[in-house]
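See structure below.
Just so it is clear, none of the values below were taken in a lab; they were calculated from the coordinates. No experiment lies behind these values; they were computed from the predicted model shown. Neighbour counts are summed over all protein chains in view; Cβ atoms, including those assigned to glycine, are modelled from backbone coordinates with ideal geometry.
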Amino acid sequence: MGNKIYCGNGKEKQFQNGGSLIEVMLDVDTLAKNFDAYGFRTQAGKRKIRVKVCQSREVDQYGNTHYVEIDTWKPSQQASQPQQAQLQQGPPQGPPQGQGYQNTQPAAPPSGNPGGQSNPDIPGNGAQGNQSAFDDDIPF
């Protein structure tokens with residue numbers, strides 16, 4: 001993690017209805033000084049710079065509960081090149097691979113119950129049958 005560039009601070013205000021907001025005061029000179037390194041221009045030509053509003057560990061002597069820092073993260077050239085190459089090739093074919101993939105296809109019926117037919121030995125399976133094995137006196 002690089003050096004943090006602090007550019008402001010703020011106070012959290014709580015409301016009676018449970019809502020809250022954070023009022024911040026920014027150091028515009030610090031933002032302007034660091035614009036060339038961390039800022040960017042939109043397609044419309046507007047100058048923008050990303051900042052992070054972070055909660056302080058302790059309230060300072062002025063009652064500030066938060067601080068503001070310039071977001072200094074930049075994508076590396078090596079990391080952005082594969083993404084651009086992938087965009088030119090088109091979307092990947094087939095299901096995504098790796099952790100977090102969940103199959104959204106409906107599951108096939110279990111092999112012990114072909115065709116989803118009701119089984120009287122399983123409670124709540126749509127048939128009245130031998131429920132005495134599953135009956136108990138618990139009211140819930």
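Structure notes:
- Nonlocal amide H pairs with ILE5, under 5 Å, H built at 1.01 Å: ILE70
- Legend: translational diffusion of segment 6-74 by Stokes-Einstein, Rh = Kirkwood radius over C-alpha pairs, 37 °C, 0.692 mPa s; D = 245 µm²/s.
- Packing rank of 66-74, 37-45, 20-28, where each peptide gets the mean count of other beta carbons within 10 Å, highest leading: 66-74, 20-28, 37-45
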